[in-house]
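See structure below.
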Amino acid sequence: MKATIFFQSVLCLLFLSVGCQQQKQPQKQEVRQASPDIVYNVKLKDLRLGDGVPLDLDVFLRWTITQPKTFFNQFQTADTFNNLVLYPRSMEMGATVANSFASVDSVFSSQREAFLATVKQALEEGLGEESMSMKEVIVSNIGFPASYTRAMEKVGLQRQLLEAIEQEKVIALQRAEAEKEKAKASSKVDIVKAEAEGRLANINAKTEESRRRSELAKAETQAQIVRKKAQAEADRNRLLAKAELEKKTGLKNLELARQSELDNLEIEKAQKSRRSKLADQIEFATVVQNNPVFANYLVNKELASKVGIAVVPTGTDANVFGNLLKQNMNDENN
């Protein structure tokens, strides 16, 4: 009997001790878990989309304990809450959201952002508790099936190839259009160039015509200069000839004057000689007149020399010799 009572007393003490420890441990947990944020990485596997294709989500949940006493009265640790509440609730909500999207193609491409936003909104709103607060939901990765990923990679490559081909077509069209515009611009340039060349040719023709006119005017001017030079040279030669002629005329006149003077001197000399001779003859006649015998002698001698005979005048005319002398003088003067 005593042994039974003792055993019951020990069990009661043991239960009381374990109960006290359980009451003290949440208080310590409350102090340790109250302030910092808790980050829980939950991997949601095999979430089925509307077309039955599975996908995986890698999610990080950042939450904090707002009422430690209440929280630790319900859950011994934060990991307990993660494993018993957050994980299954996240799987449930993730499956619901995934099933609401009809096909994997839409989630893979056009509706990816909408899918992620819907998952984050569902988890933020559905994972909260009275004693904790969900601060942030981060979906770091979406895992599609490997076969689908490979297929989509091929499709992506084909799409890229098609896009490249289409881009090349667009580029080719743009290049063709550019070449067309370039050809138009080139034709316009050629037209403008031809017009410019035509205007240039016209300008060159006018310039050539002006140059020829200038050359003709220059030649005409040169001809006029040559003519004026020739005229001036002719005038100069004429003036020189005139001067020379006048010089020669002057010299000739001077020579004539000199010759006339010489002739006059000769005439005067001849006249002097005749006068001297006449004087001599007069003197001789006077002598002969005064000497009749001598005069007869001379007359006979002169006549004999001319006719070859001797003729002696007869008569008593004493002026016979004077008349002969006067006739002789007249003959000489003539």
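Against the definition (assigned to a helix (DSSP H, G or I) and at pLDDT below 75), how does K272 come out, yes or no? When the stated conditions are applied, K272 does not pass them. Looking only at region 117-130, residues that are under 18 Å from L55 (Cβ atoms), out of contact with any Leu (no Cβ under 9 Å at 6 or more places or on another chain) and in contact (Cβ under 8 Å) with a residue 24 or more places away in the chain come to 1 in all. Scanning region 78-112 for residues that are within 25 Å of T149 (Cα to Cα) and basic (K, R) yields one hit, R112.
Here A95 meets each of (1) more than 23 Å from R48 (Cβ to Cβ); (2) in contact with a strand residue (DSSP E or B) (Cβ under 7 Å, 6 or more places away or on another chain); (3) aliphatic (A, V, I, L, M) with one exception, condition (1). On inspection, S187 passes the criterion of being assigned to a helix (DSSP H, G or I) and either at pLDDT below 80 or surrounded by 11 or more Cβ atoms within 10 Å (Cβ to Cβ) (or both).
Filtering region 113-129 down to residues that are among the aliphatic types (A, V, I, L, M) and in a helix (DSSP H, G or I), which residue is nearest to G143 (Cα to Cα)? I'd like the intermediate steps shown before the answer.
Going through region 113-129, the residues among the aliphatic types (A, V, I, L, M) turn out to be 114, 116-117, 119, 122-123, 127.
Remaining after also requiring in a helix (DSSP H, G or I): 114, 116-117, 119, 122-123.
Working: A114: 16, L116: 12, A117: 16, V119: 14, A122: 19, L123: 18 Å.
By that ranking, first place goes to L116.
The values are calculated or read from the model by the stated rules, or taken from the named source; none is laboratory data. Predicted model, so just to flag it, every value in this text is computed and none were measured. Cβ coordinates were reconstructed from backbone atoms using ideal geometry, including for glycine residues, and neighbour counts include every protein chain displayed.
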